[in-house]
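*Asks:* If you scroll down you'll find the structure; I have some questions about it.
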Amino acid sequence: MAKAPPDTGAHPDPAAHQSVLAASEAHASRAASPPATEEQLPDPARLANMLQRLSEIAGDGEGAVSRLALTADEREAHRVVAGWMADLGLTVAVDAFGNTIGTLPGQRADLPALGIGSHLDSVPQGGRFDGVVGVVAGLEVVRLLTSAGRQLQHPLKVIAFVGEEGARFGEACLGSKAVVGQLQPGDLQRLRDADGVTLGQALQALDLDPRQLPSVRWAPNELAAFLELHIEQGRLLESEGKAIGLVEAVAGNTRLRLRVLGRADHSGGTPMHVRRDALTAAAEIVLGIEQLAREPRRRTTVATVGRLDVWPNSITTVPARVTFYVDVRDVDGDRQREAAQDILTLAQQVAARRGVGLEAEKVGDSSPVVLPLWLRQRVRDVCNRLGVSHRVLNSGAGHDAAILARLLPAAMVFVPSHQGLSHCPEEWTSIADIATGVRVLYHTILALDEGLLENNG
Ligand SMILES: [Zn+2]
């Protein structure tokens, strides 16, 4: 590994680097110097090459990736990763839902596996790092073990989950929900994309078998522990100059669908005072939601209206109907649901005052997840031993690890996001920072392989 240039704190403009590798060479590392003893270190060029290759699948060549859940593009990414898994000597399996799992045997087949993984899909016009970082990290950990000639006691599984982003079907973490049994056969018909394609139909179109959904489910002891390396998608680490974020809790979310019912009228012939304009009422509600979420007492609550459908959506017609979605998130479940309830009350008040109708429906509700303390402390101990700077933080975004945490011990390790940008072509994390994350993961796997045996015999 080439010696990293001194950290100037300056990041290159991501747009100026079309290649992930070029960005890596231009950027400095936050990592501490490697210890004097011979240590297997992640190879930045390998990491960059894998990320570059994946960014070319449904990428526009300028940083944007549109590799939506359960599409041929996502399958292509899974095939590429499966090829890399096989090259590393892993036994590759694809379950009926499309999750790709590569297994490295341990010395003891009776032990549950350790797991590393994340997802390969993106949002429309998303970035090159969200998800894929956690999968290539797993592959690099396997390579480090192999080149060090080490065989773990536990098997090690590298896992690429399907459909983590909720962008296509409105529900996130589909692959990880399938393995923990949180996705029911009814969901295959219930969940539809914007074109009306159901989740079940999407699976079938990719030669996956939705009828086998129950077979995808894992036993509770499938993994002894799961680690997900992910970009922060926030700006805490960068602003504090920390290399690693140790996630304490992952926010839950409550999603509401609100429909404001006004009356269509001619935009020229209808005086202002007799209108029942659904859009101006919706606008007042949207601004009220922003104000409500900003109240100091809410602290960690965030609320977003990101989609609004106006009907008939005509320049010369007073809007008759507006349907919009509210996404409320918090790491405190009580606050999350209280905010959602307060938003409903606010919407009802605005609708009554403006003489428009209101229909409200809760379309999603998931609780925040606190990740297990002991596992986070293992990662923290590794950071301390390696001299890697770190801090504890929460995740506002949902992740596969939070879903798995309902079944088994899971930890999330964040690496810095440049300016906190994510879900956009400007999303960028330096290869040096990713390599630091992989180094922490590698040593955590080694520590767990020993430590879990001491605990369990
Ligand atoms: Zn992600």
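The values are calculated or read from the model by the stated rules, or taken from the named source; none is laboratory data. Because the structure is a prediction, the values reported are computed rather than measured. Note that each Cβ is placed from the backbone with ideal geometry, even for glycine, and that neighbours are counted across all protein chains shown. Just the protein is used for accessible areas: all its heavy atoms, side chains included, with ligands, DNA and RNA removed. Shrake-Rupley method; radii C 1.70, N 1.55, O 1.52, S 1.80 Å.
*Asks:* Roughly to the nearest percent, how much of the accessible area of the chain is carbon and sulfur, given a 1.4 Å probe?
*Replies:* The value for the chain is 49 percent carbon and sulfur by accessible area.
*Asks:* Using label points projected 7 Å from each Cα along Cα→Cβ, tell me how many nm separate R257 and T345, to one decimal.
*Replies:* So the two model labels end up 2.6 nm from each other.
*Asks:* For the ranges 201-210, 393-402, what's the packing order if you count other beta-carbon atoms within 10 Å of each residue, average per peptide, and put the highest first?
*Replies:* Final packing ranking: 393-402, 201-210.
*Asks:* Efficiency by 1/(1 + (r/R0)^6): what FRET value for D87 and A148, r their Cβ-Cβ distance, R0 = 22 Å, to the nearest 0.05?
*Replies:* Efficiency at R0 = 22 Å is approximately 0.80.
*Asks:* Can you run phi through the Karplus equation (6.51, -1.76, 1.60; θ = phi - 60°) for segment 175-185 and list ³J(HN,Hα) in whole Hz, with x for Gly and Pro?
*Replies:* x, 6, 5, 4, 6, 8, x, 9, 10, 9, x
*Asks:* Output the 0 to 90 degree angle, nearest 10, between the alpha-carbon long axis of helix 431-456 and the longest principal axis computed from the alpha carbons of the chain.
*Replies:* 70
*Asks:* So what's the gap between the Cα centers of segment 305-344 and segment 397-457, to the nearest angstrom?
*Replies:* Segment 305-344 and segment 397-457 have Cα centres spaced 33 Å from each other.
*Asks:* For the chain, what is the accessible area per residue in Å², given a 1.4 Å probe and the full set of protein chains?
*Replies:* 42
*Asks:* Right, here's the next one. Per the helix-only calculation at 222 nm, which mean residue ellipticity applies to the chain, given -39500 (n - 2.57) for every DSSP H run of n ≥ 4 and division by its residues, nearest 500 deg cm²/dmol?
*Replies:* Result for the chain: -11000 deg cm²/dmol, rounded to the nearest 500.
*Asks:* Between 0 and 90 degrees, rounded to the nearest ten: what's the tilt of helix 278-294 against the longest Cα principal axis of the chain?
*Replies:* 40
*Asks:* Separate question: Does anyone have the angle between helix 333-354 and the longest principal axis of the chain? Alpha-carbon axes, 0 to 90°, nearest 10?
*Replies:* 20
*Asks:* Which ³J(HN,Hα) values in Hz, rounded to whole numbers, follow from the phi angles of segment 65-74 under the Karplus curve 6.51 cos²θ - 1.76 cosθ + 1.60, where θ = phi - 60° and Gly and Pro get x?
*Replies:* 10, 10, 10, 6, 4, 6, 10, 4, 5, 5
*Asks:* Mind giving me the FRET efficiency for W374 and I315? R0 is 60 Å, r the Cβ-Cβ distance, nearest 0.05 is fine.
*Replies:* 0.50
*Asks:* Would you rank Y325, Y442 by solvent-accessible area, highest first, keeping every protein chain in place and using a 1.4 Å probe?
*Replies:* Y325, Y442
*Asks:* Provide the packing ranking of 91-98, 66-73, i.e. peptides ordered by the mean count of other C-beta atoms within 10 Å per residue, highest first.
*Replies:* The most tightly packed comes first, giving 66-73, 91-98.
*Asks:* Which residue, V216, Q233, A194, has the largest displacement toward the positive end of the dipole of segment 180-244 when charges sit on each Cβ (Lys, Arg +1; Asp, Glu -1)?
*Replies:* V216
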